Structure formats: structure tokens, C-alpha cells
Amino acid sequence: MKLIGVTGDCFTNDELLKNLQQAEPYLDAVILREKSKTDEQLTDLIIRLKDRNFPLAKLIIHARPILASMLAVPRVQLTGYGLSVTDAQRDYPNISFGCSVHSLHEALQMEQNGADWLLYGHVYETASKPGLPPRGTKELFEIASACTIPVYAIGGIHPHHLTDLQRHHVAGAALLSPMRSSDALRGYRTAVEKGEIANEEDH
């Protein structure tokens with residue numbers, strides 16, 4: 001199971017640089033979701049990360065494929081309201097694209113359109129979505145079973161959820177609030193390793 005960090009657009013570049021370097025050993029990827037930062041600010045961050053040997057292969061830029069193309073970042077997470085995955089792949093054939101989905105129908109459609117992975121949520125109650133009821137795991141598990149591409153869960157995920165997600169073929173978990181603490185991320189990584197052992201024993 002993969003662990004994907006998601007930045008929350010609440011830190012300066014200096015703070016993000018420190019946080020990401022500390023978080024990197026525990027994460028398989030990081031979505032840079034910095035909506036308020038300009039292209040110049042995001043470029044500055046990525047260049048500084050590269051200069052400090054942060055692997056660009058672990059970066060996923062949120063919704064800015066032109067920036068990813070310019071900076072040789074190989075992956076982009078698309079939104080439901082921007083460039084379509086079909087157009088994105090046509091315009092940027094060297095980049096892999098993930099799509100955010102909110103239903104089984106939408107997931108199957110995005111897979112058919114050529115998405116390389118899917119992000120579904122929010123799965124559990126989370127402070128980042130106040131007042132919005134969580135979608136739960138039922139449809140998430142249906143999507144993970146129906147799709148051949150990786151399906152990742154996001155929203156309110158705690159370490160104790162990971163084994164159940166793994167058992168139902170969810171490819172990984174995207175984490176927002178734990179990104180603030182490398183200690184928290186260490187707990188998630190430990191839970192993933194324990195879950196993999198448990199799943200092997202089940203088989």
C-alpha cells in the first residue's frame with residue numbers, strides 16, 4: 001500500500017521545504033496542492049527541493065501540467081473542473097495523470113478516458129471538509145474492485161484504517177493533516193507494514 005502526502009496550501013516555501021524533506025522517507029509520493037501559490041512560487045519550491053536531492057519522481061503537481069512539463073515532474077493530479085484527462089494526455093504525452101472521482105460511474109468513465117490512477121474521497125469524517133458527510137468505504141471498495149488502475153483513498157484516514165483498505169485492494173491512502181508531523185507519518189508507515197504482514201498471513 002502506498003502513502004501519498006498532500007500539501008494543504010498553508011505554509012511558506014521555506015516551511016514546506018523543511019516539512020517535505022522530513023516527510024519524504026515515509027511517503028511514496030507527494031501531491032503539491034498549493035492553489036494560492038503562483039507558478040513562479042511553485043517553480044521556486046520544486047527547484048529548491050531538487051537541489052536538496054528530493055526525488056522528483058515522488059512529486060505530483062496539482063492541476064498544472066504545463067509546470068510539470070517544464071520542470072520534468074512526471075505526474076499531475078487533475079481536478080474535476082479543469083483540463084480533461086483526454087486533452088491532458090494529448091497535450092502532455094510524457095506525463096501521467098490522476099483524476100479525482102466521487103462515484104463508481106465517474107471512476108469507470110475516467111479509467112476509460114485514460115486516467116493512470118484515481119483518487120476517491122472523502123472517505124471518513126475530516127476537519128478539512130466541515131459539515132460534509134463522508135462517503136464511507138462501500139463505494140470505494142466497489143471502485144477498487146471494478147477498476148484495473150490504482151485507486152487511492154483520501155479524507156480522514158487514520159493508521160487503524162489502513163489494513164481494511166489494503167484488504168479491499170485500495171492501492172493507497174492520501175494524507176493531508178499528517179503531513180505536518182514526521183512522527184505521525186512514521187505511524188502510518190508502521191501500520192502499512194503491519195497490514196502487509198497481516199494480509200500475507202490471511203492468504
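On the stretch given as segment 163-198, residues that are under 16 Å from the mean Cα position of the chain (by Cα), of a type outside the set (Lys, Arg) and under 17 Å from Val6 (Cα atoms) total 11. Scanning segment 152-171 for residues that are crowded, with 22+ Cβ neighbours inside 10 Å and either without any contact (Cβ under 8 Å) to a residue 12 or more places away in the chain or of a type in the set (Asp, Glu) (or both) returns no hits. For Ser96, are the conditions met, namely being among the hydroxyl-bearing types (Ser, Thr, Tyr) and modelled with pLDDT of 95 or more? When the stated conditions are applied, Ser96 passes them. The single residue among Tyr152, Tyr188, Tyr120 that is within 21 Å of Leu32 (Cβ to Cβ), in a helix (DSSP H, G or I) and touching a Leu at 6+ places or on another chain (Cβ under 6 Å) turns out to be Tyr188.
When you check Asp9 against the structure, is it without any contact (Cβ under 8 Å) to a residue 60 or more places away in the chain and either in a helix (DSSP H, G or I) or among the basic types (Lys, Arg) (or both), yes or no? For Asp9, the condition - without any contact (Cβ under 8 Å) to a residue 60 or more places away in the chain and either in a helix (DSSP H, G or I) or among the basic types (Lys, Arg) (or both) - is not met.
Considering segment 170-183 alone, what residues qualify as being over 18 Å from Cys10 (Cα atoms) and at pLDDT below 95? Walk me through it before giving the result.
First pass over segment 170-183, keeping only residues over 18 Å from Cys10 (Cα atoms): 170-173, 183.
Asp183, the sole residue that qualifies.
In this structure, does Lys2 turn out to be open to solvent by 70 Å² or more (accessible area, probe 1.4 Å) and without any contact (Cβ under 8 Å) to a residue 24 or more places away in the chain? Considered against the rule, which asks whether it is open to solvent by 70 Å² or more (accessible area, probe 1.4 Å) and without any contact (Cβ under 8 Å) to a residue 24 or more places away in the chain, Lys2 comes out as no. Remark: pairs (first residue in segment 92-110, closer than 26 Å to Val73 by Cβ and acidic (Asp, Glu); second residue open to solvent by 40 Å² or more (accessible area, probe 1.4 Å) and modelled with pLDDT under 95; Cβ separation under 9 Å; 6+ apart in sequence or on different chains) = Glu106/Gly80. From the list Ala174, Ala107, the lone residue that is in a helix (DSSP H, G or I) and either among the polar types (S, T, N, Q) or surrounded by 14 or more Cβ atoms within 10 Å (Cβ to Cβ) (or both) is Ala107. Applying the condition of being within 16 Å of the chain's Cα centre (by Cα) and under 21 Å from Met1 (Cα atoms) to segment 127-151 and asking which residue is most open to solvent (accessible area, probe 1.4 Å) yields Pro150. Summed over segment 177-195, the residues that are among the aliphatic types (A, V, I, L, M) and open to solvent by 70 Å² or more (accessible area, probe 1.4 Å) give a count of 0.
The values are calculated or read from the model by the stated rules, or taken from the named source; none is laboratory data. Keep in mind that this is a model prediction, so the values were computed, not measured. Cβ sites come from the backbone with ideal geometry, for glycine too, and all protein chains shown count toward neighbours. These accessible areas exclude ligands, DNA and RNA; they are computed on the full protein's heavy atoms, side chains included. Shrake-Rupley method; radii C 1.70, N 1.55, O 1.52, S 1.80 Å.
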